[in-house]
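The next block holds one structure in the form of structure tokens; read it before the comments.
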Amino acid sequence: MVPQSGEVLIVFARLDHLHSRMDELRAMLDPSEAARSERFVLDDARERFVLGHGLLREVLGHALDTDPGTIVIQRGPYGKPFLPTSQVHFNFSDTKDAIAIGISRDQEIGVDVETHHRSVDHHAVSEHYFTPEEVKDIRTAGADAKARFLELWTRKEAVLKASGVGIMDDLHSLRVDAPRNVLTISHDAFIALAAPEYHVRTMRIAPDHFLSIATGAPIDRCRLVAIGRHDH
């Protein structure tokens, strides 16, 4: 699982496919991550953290050809994790039943994954956070309205994560319904850190998940690795 130049590698895994590897993946965490995992009150949240961050270290270990437990991960001013001693870029996302990891050797990347089972009033949320064009798109999607909402929502999250800014108030200014989106956001931090435009794509991972990727330049290739019950 090593991305080539011009390629984005996406690793996707359902949590129930990783659960048998709990002890193995927990052993890959660094001391601060292990301590953080113990602070979760809910078992589900603790297990999702251990499985997700353990797998992240395993994937980065493959990409860097190094021991996963020794990898140093730091965070930018708005919390985006990065590798201070490597040109490899990565991003991590989780939802209640799955995780996704994106890796690129060429540019910053944002990744977001959501499950179709997420309980959300997609019409109300889109009215507040989406552009008028996107709201119309969802309204006219009929039975596919929730799916279209999740496509656009994961794209917005992926763009924010690629920029390194994270959550913002003016998501209604962030239009993501085209493969290439020129930015009009006036948020100072976004202007300082973001690329002038973002290229986004969304894939549906059968049967239940939507995964979006955002990069500042076009992607030559996107390779998906979906981890099953017997993958290691």
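Taken together, the values in this text are just the output of simple stated rules run on the coordinates, not laboratory data. Keep in mind the model is a prediction, meaning the values are calculated, not measured. Quick reminder, even Gly has a Cβ in these numbers, built from the backbone with ideal geometry, and neighbours come from all protein chains shown.
When a/c is below 1.5 the answer is rounded, else prolate if a/b is larger than b/c, else oblate, so apply that to region 119-169 with a ≥ b ≥ c taken from the square roots of the Cα gyration tensor eigenvalues. Verdict is prolate for region 119-169.
A viscosity of 1.306 mPa s and a temperature of 10 °C, combined with the Kirkwood radius over C-alpha pairs in the Stokes-Einstein formula, give region 94-153 a diffusion coefficient of 122 µm²/s. Sequence-distant contacts, meaning Cα pairs under 8 Å at least 6 residues apart, place the relative contact order of the chain at 24 percent. Once you order the gyration tensor axes a ≥ b ≥ c over the Cα atoms, which shape class does region 1-147 get: rounded for a/c under 1.5, otherwise prolate or oblate by comparing a/b with b/c? Judged from the Cα gyration tensor, region 1-147 comes out prolate (a/c at least 1.5, a/b above b/c). How would region 91-232 be classified by its alpha-carbon gyration tensor: rounded, prolate or oblate, with rounded meaning a/c under 1.5 and the a/b versus b/c comparison settling the rest? It is oblate, given that a/c is not under 1.5 and a/b is not larger than b/c.
For the chain, lysine pairs with C-alpha atoms less than 21 angstrom apart, excluding pairs fewer than eight positions apart on the same chain, total 9.
Membrane-span-like helices in the chain, defined purely by DSSP H runs whose alpha carbon atoms cover 20 Å or more axially and whose average Kyte-Doolittle hydropathy reaches -0.5, are 43-64, 145-163. In terms of packing, defined here as the mean over residues of other Cβ atoms within 10 angstrom, the peptides 86-94, 21-29 line up highest first as 86-94, 21-29.
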